[in-house]
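The structure under discussion appears below in the form of structure tokens.
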Amino acid sequence: MGKLFYIMGKSATGKDTIYEALLAREDLGLYPFVMCTTRPVRAKETDGVQYHFVTADDLDRMQREGKVIELRSYDTVQGIWYYFTADSDAVDLEHFSYLALGTLESYEKIRNYYGVERVVPLYIEVEDRLRLERSMKREGKQAVPDYSEMCRRYLADQEDFSEENIMRTGIVRRFQNNGDRESCMDEVAEYIREKL
């Protein structure tokens, strides 16, 4: 039986980097579990890799077809952005293991959909000041930096990933990414090997 390893954490905790590094480790044999969003593509993102970038019309169609497992909306300074997971024939948890990237809210819904025995949380943490510095640096690399949206995300994460919410979902194991990124990735990889 395959597993779905689910990386989550506040913004600028290094989730994307850890996700990509773990997928590149052939010894883990993980496949990407790609979610969907209606938000614009960021610098260095590719459709079908980080997300399936879709239109609001695409989302409406998938909802009518009953293919949306979970859906979240964020009222950003650029308008409402939707993030969601669609049921796909490409996912075969009977034979393969996958790596996903998402939020605490999406993790809960995915876990409820696929089952607690199949979905393994990987919660990444970074000290708040370092996380804010990383956010500023990342936003500064965008073609048109949007620091208002960066601040909104930062503050929303404080609420979304509150200790109460983390405890409610049953997440016990946490991975610290405050310094040596390689050590954090090695620790996560070892944990995945234990659970496979």
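The values are calculated or read from the model by the stated rules, or taken from the named source; none is laboratory data. All values derive from a computational prediction rather than experimental measurement. All Cβ positions, glycine included, derive from the backbone under ideal geometry; neighbour counts span all protein chains shown. With ligands, DNA and RNA removed, areas are computed over all heavy atoms of the protein, side chains included. Shrake-Rupley method; radii C 1.70, N 1.55, O 1.52, S 1.80 Å.
Here are a few things to note about the model shown:
- Qualifying residue in the range 8-25 (condition: aromatic (Phe, Trp, Tyr), at pLDDT below 90 and closer than 21 Å to residue 108 by Cβ): no
- Conditions (1) in a helix (DSSP H, G or I); (2) within 15 Å of the chain's Cα centre (by Cα): number failed by residue 113: (2)
- Residues in the range 9-21 include at least one that is closer than 30 Å to residue 179 by Cα, of a type in the set (A, V, I, L, M) and buried (at least 19 other Cβ atoms within 10 Å of the Cβ).
- Among residues of the range 135-170, those that are touching a residue at least 60 places away in the same chain (Cβ under 8 Å), of a type in the set (A, V, I, L, M, F, W, C) and within 19 Å of residue 6 (Cβ to Cβ), counted: 2
- Every residue from the range 1-37 that is assigned to a loop (DSSP other than H, G, I, E, B), under 20 Å from residue 154 (Cα atoms) and in contact with a strand residue (DSSP E or B) (Cβ under 6 Å, 6 or more places away or on another chain): 9, 13
- Qualifying residues in the range 133-162 (those that are within 19 Å of residue 178 (Cα to Cα) and aromatic (Phe, Trp, Tyr)) - the one surrounded by the most Cβ atoms within 10 Å (Cβ to Cβ): 161
- Meets criteria (farther than 23 Å from residue 34 by Cα, in contact with a strand residue (DSSP E or B) (Cβ under 8 Å, 6 or more places away or on another chain) and among the polar types (S, T, N, Q)) for residue 158: no
- Test for residue 177: is it surrounded by 12 or more Cβ atoms within 10 Å (Cβ to Cβ) and in contact with a Gly (Cβ under 7 Å, 6 or more places away or on another chain): yes
- Single match in 24, 86, 12, 90 (criterion: of a type in the set (A, V, I, L, M, F, W, C) and touching a residue at least 60 places away in the same chain (Cβ under 8 Å)): 12
- Leading residue by the ranking (most open to solvent (accessible area, probe 1.4 Å)) among those in the range 79-97 that are within 20 Å of residue 38 (Cβ to Cβ) and among the β-branched types (Val, Ile, Thr): 80
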